[in-house]
Amino acid sequence: MPSAGPTAGEKLRAYTGPAFFGHGFRPFFFSAALFAGLAIPLWMAAFSHGYPVGPAGNALGWHGHEMIFGYVAAVIAGFVMTAIPNWTGRLPVMGVPLGLLFAIWLAGRISMFVGGDAVIIGVIDCLFLVAVGALAWREVAAGKNWRNLPVCVLIGLLALANIIDHAGDALGLPHQVGLRMALALITALMMLIGGRVIPSFTTNWMKKQGMTAVPSPFGSYDKIALLVAIVTLLAWVVIPDSVAAGVGFMIAAALHMVRLIRWRGWYCGKDPLVLVLHIAYFWIPVAFGLMGLAILQPNILTSTQALHALTAGAMGQLTMAIMTRASLGHCGRELRAGIGTIVIYLLVFIGALLRIVLPYTEISYALTMSIAGMIWAAGFLLFAVLYGPMLFAPRK
């Protein structure tokens with residue numbers, strides 16, 4: 001009787017290539033953090049001194065595009081390439097294929113920074129999310145893991161949003177509709193994934209502590225909260241300044257604040273790795289409330305301030321929370337936040353908060369952006385310094 005072939009686990013252990021390309025989280029988490037930490041100071045210098053950066057020398061456009069399709073897209077790729085093997089039981093994308101995927105991402109960052117022919121830049125940059133989406137669809141379909149098809153759909157739509165962001169002007173589409181579409185999709189992904197992992201990790205931690213008050217399970221309330229938020233985000237993508245979108249954001253803010261409360265995060269103060277997930281999700285209802293206020297009362301709050309609650313706050317904090325936890329776990333380290341990790345969380349939180357509140361002070365706008373941006377970027381550079389060695393080293 002012929003012997004069975006090697007199992008997935010045996011094939012994984014047999015990998016002898018560079019550890020950096022042994023799992024998706026390694027190159028993408030490290031490079032995303034390093035990129036965010038360097039791109040923000042570069043953008044601030046370009047804004048303050050008028051340096052031309054990116055396609056057509058539009059530094060503001062480069063900043064908005066790259067923090068979404070450069071930084072966040074890399075984190076999503078790292079998360080998905082790491083999570084899919086757990087979802088499907090199949091081998092992770094590693095070695096040469098992972099190296100090629102990383103090279104595509106890097107080529108996009110270089111082309112977007114250097115500039116040149118708009119069509120060539122667009123093709124190079126858009127190829128990355130198309131490739132990530134294709135890999136996600138292939139793996140989920142091969143593993144018959146239909147439960148995670150919504151994640152594949154969201155990645156595919158995010159790839160489409162990038163294409164629209166590049167081609168929107170040529171197609172006569174509304175200004176920045178592709179960027180708003182991407183922000184809406186990433187927010188939906190945060191609500192979907194966050195609604196899965198935050199209650200799960202919280203429940204596991206509480207049970208280890210012998211607690212009986214665990215997070216409320218996913219149910220009808222969560223579906224209503226998600227539906228209201230998604231409909232509101234769709235309205236914002238199409239008609240961003242409409243009263244309907246403003247009211248929708250205010251309702252969504254209340255619903256998601258209650259959703260967060262139902263997860264009982266205040267019990268997790270002893271474990272920063274769990275607590276930070278709740279703090280990160282807290283930014284979502286805050287961002288919704290501020291975005292609604294900016295639409296309904298623009299004399300009180302600008303749309304830029306509100307938008308940074310969603311980007312620097314929710315996206316920055318949640319991606320960092322996931323990167324630290326996943327890196328520790330998959331590198332064989334103890335799931336414990338040391339002083340350095342706590343400082344990372346604080347820097348990201350304080351940087352995002354200052355980006356919203358400092359414009360109300362007498363400090364000049366350029367200086368407020370510089371202070372908030374440097375603090376926020378420092379958190380990501382500290383991640384690269386502290387977590388880089390373990391991401392380049394074999395699993396313990």
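FYI, it's all coordinate maths here, none of it is from the lab. Keep in mind that this is a model prediction, so the values were computed, not measured. In this analysis, Cβ positions are derived from the backbone assuming ideal geometry, glycine residues included, and neighbour counts consider all displayed protein chains.
Odds and ends about this structure:
- For the range 210-396, dividing the convex hull volume of the Cα atoms by the residue count gives 140 Å³ per residue.
- Among Gln297, Gln176, Gln317: highest mean-square fluctuation, GNM of the chain, C-alpha pairs under 10 Å: Gln297
- Sorting Trp266, Trp43 by the number of Cβ atoms found within 10 Å of their own Cβ, with the fewest placed first, yields Trp266, Trp43.
- Note on the range 285-302 and the range 152-183: Cα centroid distance 23 Å, given to the nearest whole angstrom.
- Considering only Ala59, Ala312, Ala170, the Gaussian network model of the chain with Cα springs below 10 Å gives its largest mean-square fluctuation to Ala170.
- When Val197, Val243 are sorted by how many other C-beta atoms sit within 10 angstrom of their C-beta, beginning with the fewest, the order is Val243, Val197.
- Set of lysines near Lys270 by C-alpha distance (under 18 Å), chain-local residues within fewer than 8 positions excluded: Lys207, Lys208
- Computed over the Cα atoms of the range 112-226, pair by distinct pair, the Kirkwood hydrodynamic radius stands at 16.8 angstrom.
- Estimated from helices alone, the mean residue ellipticity of the chain at 222 nm is -24500 deg cm²/dmol (sum of -39500 (n - 2.57) over DSSP H runs with n ≥ 4, per residue).
- Within the range 20-173, the proportion of Cα pairs with more than 25 Å between them is 31 percent.
- Dimensions in Å of the chain - Rg and Dmax from alpha carbons: 20.7, 81
- Membrane-span-like helices in the chain, defined purely by DSSP H runs whose alpha carbon atoms cover 30 Å or more axially and whose average Kyte-Doolittle hydropathy reaches 1.0, are 25-49, 118-142, 149-171, 272-296, 365-392.
- Highest-first packing order for the peptide set 319-332, 90-103 is 319-332, 90-103, based on the mean count of other beta carbon atoms within 10 Å.
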